[in-house]
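Taking it in order: structure first as structure tokens, then the write-up.
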Amino acid sequence: MTHTFDAGPATAQGRDPGAAEKVLLLLDSFARLTAAGTPPTFTDLVTASGLARTTTHRLLALLVRRQMIDYVDGAYRPGAALSDLAGASLGLPVDRLRATLLPYMVDLYELTRQTVSLAVLQGPDVILIERIRGSRRAHLHLPERVPAHSTALGRALLDAAHPVAATSPGAYPRDDHIDILLAEVRRQGVSTSFGELIPGVVCLALPVLDESRRPVMALSVSGRVRSMDLATVAKHLRSVTLTACLALLTEGR
């Protein structure tokens, strides 16, 4: 969730931002820093927001209690309530979808032993809803919110919504062997990215469709390219995503 806040006029008039404005300013700073790809620390948020350290600490504690933001390993990340709010703005029952798809994410992780992500579109960005990874994958530090066109997850959703759009091959250092493998995966209809967010990390993604064949979420598998059998991962991703789509179609019937 991104709010635009212009503190210039208030400063010029000598007016201190009110409590609500300070919260919006802090959330705006949090969203911008998170979108850059690295979870912000307390110091990052103080610097970006321009708020006093005591004020920043008090507001962050409030946002953590309200589950808008989570504090993990010395940094702040989007919380469950913030993800739900993002889903609500899209008209999506995020909790139900997450609960339905989580078992399939677990299956996909067990099959690939790589990081599995579930995301939705919000405006021009793709937002993480759920992620499963083993302890050995934690060092990837994949961002929680990024421009959709720069990710396999985002392109999977965009391409499903607009089938005429071509999936970008991504920008990465040329490696003929990897190039051939990714080209083959793309020919099978799987969106890909390599090195666009983190050098050496490849991501494969597919959309999860509703009964009207509209993309509601996307599933992805990410990992270091040297540790992934791309063809096998793509096969598992297609199989699990198809099963998850069928589960959504039959849910409640």
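Could you check Leu182 against (1) at pLDDT below 75; (2) open to solvent by 20 Å² or more (accessible area, probe 1.4 Å) and say which number it fails? Unmet condition: (2).
Conditions tested, residue by residue: (1) at pLDDT 80 or above; (2) of a type outside the set (Phe, Trp, Tyr); (3) crowded, with 18+ Cβ neighbours inside 10 Å.
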site: Gln188; (1), (2), (3): no, yes, no
site: Gly200; (1), (2), (3): yes, yes, no
site: Ala218; (1), (2), (3): yes, yes, yes
site: Arg238; (1), (2), (3): yes, yes, no
site: Leu242; (1), (2), (3): yes, yes, no
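Contact annotation: residue pairs with Cβ atoms under 6 Å, 6 or more positions apart or on different chains, pairing a residue in region 47-72 that is surrounded by 20 or more Cβ atoms within 10 Å (Cβ to Cβ) with a partner that is outside any helix (DSSP H, G or I), are Leu63/Ile69; Met68/Gly79; Ile69/Tyr76; Ile69/Gly79. Note on region 207-222: residues that are out of contact with any Leu (no Cβ under 8 Å at 6 or more places or on another chain) and of a type in the set (Gly, Ala, Ser) amount to 1.
The values are calculated or read from the model by the stated rules, or taken from the named source; none is laboratory data. Just so we're clear, the structure is a prediction, and the values are computed from it rather than from any experiment. So basically every Cβ, Gly included, is an ideal-geometry build from the backbone, and we count neighbours across all protein chains shown. Just the protein is used for accessible areas: all its heavy atoms, side chains included, with ligands, DNA and RNA removed. Shrake-Rupley method; radii C 1.70, N 1.55, O 1.52, S 1.80 Å.
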